[in-house]
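The values are calculated or read from the model by the stated rules, or taken from the named source; none is laboratory data. This one's a predicted model, so the numbers in the text were calculated from it and none came from an experiment. Cβ coordinates were reconstructed from backbone atoms using ideal geometry, including for glycine residues, and neighbour counts include every protein chain displayed. Just the protein is used for accessible areas: all its heavy atoms, side chains included, with ligands, DNA and RNA removed. Shrake-Rupley method; radii C 1.70, N 1.55, O 1.52, S 1.80 Å.
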Amino acid sequence: MTLHRRSLLALLPAPFIASCASTRDLAADMQRGGYVIYLRHAQSDGKPEPALGDIKDCLWQSNLTPAGKTQATTIGQILKGLGVRYGQIGSSPFCRCRDTAQLVTGRPAQIMPELQYHTSQSPNAQAAAVERLRVLVSNREPGGRCTLLVGHAPPFKVLAGMELAEAQAAIIRPRQTKEFDVVGLLDPSGVQSREDA
């Protein structure tokens, strides 16, 4: 193991300095880019949203709690420590997603309507959103960079069969158009390969 790689692993939180090589390899490989990180927004206050209001107005929305803001900042520190460089940074228009992306990366995200989800959407609209998400997570970022997408749990559960907790991300390796593999998970505790989960 090179000194550089030892230094990289030292930046991982203790619970995820794993004995299995696959987690180490994934953490090291993320700095080479080409991954999509699909992150469910950090902890929110759970305020009911029975109807979709003005998406630019945060007052009617469920927003990040102080703990959620800390979670997002911690995830950003983990990714920075791993040497992850961002290409596209996309977010659902909801304030909790925009704020999560800003705290993770330190810069505003591109607002992407295709990442929006609300229970008031029709089944057809929800199905269309899942298909748009499939395309997004299947696109490999060029130039040694990773894509960060901040959104909601339900569309990703339909797409990948996984329910992400708040402040949990799927680390995705795109394969080709509309095909991808979820190879790991990320949360405020660190990175873990799915093989080690």
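Things to note:
- For K47, a cut-off of 21 angstrom between C-alpha atoms picks up these lysines, skipping any fewer than 8 places away in its own chain: K56, K69.
- Cα centroid separation, segment 110-144 to segment 154-197 (Å): 15 Å
- In terms of the mean number of neighbouring beta-carbon atoms within 10 Å, the peptides 139-150, 35-46 order highest first as 35-46, 139-150.
- Cα-based Rg of the chain normalised by 2.2 N^0.38 Å, two decimals: 1.00
- Counted charge near S44, where neighbours are those whose Cβ lies closer than 11 Å (Asp, Glu -1; Lys, Arg +1): 0
- A simple spin-label model places the labels of T119 and D57 2.1 nm from each other, with each point 7 Å out along Cα-to-Cβ.
- Solvent-accessible area per residue, Å², over the chain with all protein chains present [probe radius 1.4 Å]: 47 Å²
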